[in-house]
Amino acid sequence: MDPSGYEHLSPAEAIAYQEELRHKISIHELTKPINTIAGADISFDRNSDILYAGIVVFKYPEMTVIATSTAISHTEFPYISGLLAFREVPALFNAWNNLYTKPDVLVLDGQGIAHERRMGIATHFGLLTNVPTIGSAKSRLYGKYQEPADKIFAESPMYDKGELIGIALRSKENCNPIYISPGHNINMQQSVDVIKKCIRGYRIPEPTRQAHFLVNKIRVENSEKNNRQYNLFD
DNA sequence: GCGACAG
DNA sequence: ATCTTGTCGC
């Protein structure tokens, strides 16, 4: 299904689609060397249904920016916990298609398989594009875990009925942990190793941190542009 | 019935 | 996610 059709799905249909897609998830070692990595994020206006998507590509492991892309899209699908992909993936897909240089790995702001149906936004986007993806979330959605020690890079496994679905990682001392889980076409260990190499003094790994700055910037620019046009009628 | 609940 | 200043702690 083309993601542009997501906004017409009911929550029940979206869940049924996740159950259908979950059979195609592949969590395995990424053997291809990683030379580039990207971060993707979304920003949106308080009222409108406009989503601002952005992707920032870096050389890895140097982490120098080599490319960016953005897309401004409209959505009707509301935010529903567990169904985030149906709201944000269409916009991210547009930004992805605007990217000339596709990265070897993509980090998304949200869960990978650390999801009730293993279908977090990172897994969903990976299945859609077939790019290896990693989910890096700022808060927990699913799974039980013990608080990791307050020591840089301390880890604590996240489980669902005995199954390992993610890792709570202390990316910075005195800060809440971040929740890492593979999305698609990469395994748990590699996901954590890669994210660790993307931590540069802040709680949020550089890929999604920079993508966050980018989408906020284009959101402000766009709203200022709209304000200027509106003011022509003053 | 009650609590949890990515962005 | 977004709205927002000061303020507590390392």
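Looking only at residues in the range A:190-226 that are over 22 Å from A:Ser139 (Cβ atoms) and touching a residue at least 40 places away in the same chain (Cβ under 8 Å), which one is most open to solvent (accessible area, probe 1.4 Å)? Taking the candidates together, the pick is A:Lys197. Considering the range A:22-65, and only residues there that are among the polar types (S, T, N, Q) and within 19 Å of the chain's Cα centre (by Cα), the residue that is nearest to A:Lys197 (Cα to Cα) turns out to be A:Thr36. Each residue in the range A:95-111 was checked for being crowded, with 24+ Cβ neighbours inside 10 Å and more than 16 Å from DNA strand C (Cβ to nearest atom), and 3 pass. For A:Val57, are the conditions met, namely being β-branched (Val, Ile, Thr), open to solvent by less than 10 Å² (accessible area, probe 1.4 Å) and touching a strand residue (DSSP E or B) at 6+ places or on another chain (Cβ under 8 Å)? Spelling it out, A:Val57 is indeed β-branched (Val, Ile, Thr), open to solvent by less than 10 Å² (accessible area, probe 1.4 Å) and touching a strand residue (DSSP E or B) at 6+ places or on another chain (Cβ under 8 Å). The set of residues in the range A:1-38 that are among the charged types (D, E, K, R) and farther than 14 Å from A:Arg87 by Cα comprises A:Glu19, A:Glu20, A:Arg22, A:Lys24, A:Glu29, A:Lys32. If you scan the range A:75-94, which residues turn out to be of a type outside the set (Val, Ile, Thr), open to solvent by 10 Å² or more (accessible area, probe 1.4 Å) and either closer than 22 Å to A:Lys161 by Cβ or within 16 Å of DNA strand C (Cβ to nearest atom) (or both)? Scanning the range A:75-94 gives A:Pro78, A:Tyr79, A:Ser81, A:Gly82, A:Leu84, A:Arg87, A:Glu88, A:Pro90.
Considered as a group, the residues in the range A:125-176 that are at positive phi and of a type in the set (S, T, N, Q) include one that is most open to solvent (accessible area, probe 1.4 Å), and that residue is A:Asn174. Which residue is farthest from DNA strand B (Cβ to nearest atom), if the candidates are limited to the range A:30-54 and must be surrounded by 14 or more Cβ atoms within 10 Å (Cβ to Cβ) and hydroxyl-bearing (Ser, Thr, Tyr)? Checked the range A:30-54; the qualifying residue farthest from DNA strand B (Cβ to nearest atom) is A:Thr36.
The values are calculated or read from the model by the stated rules, or taken from the named source; none is laboratory data. What you see is a predicted model, and the numbers here were worked out from it, not measured in a lab. With ideal geometry, Cβ positions are generated from the backbone for all residues, glycine too; neighbour counts draw on all protein chains shown. Ligands, DNA and RNA are excluded from the accessible area calculation, which covers all protein heavy atoms including side chains. Shrake-Rupley method; radii C 1.70, N 1.55, O 1.52, S 1.80 Å.
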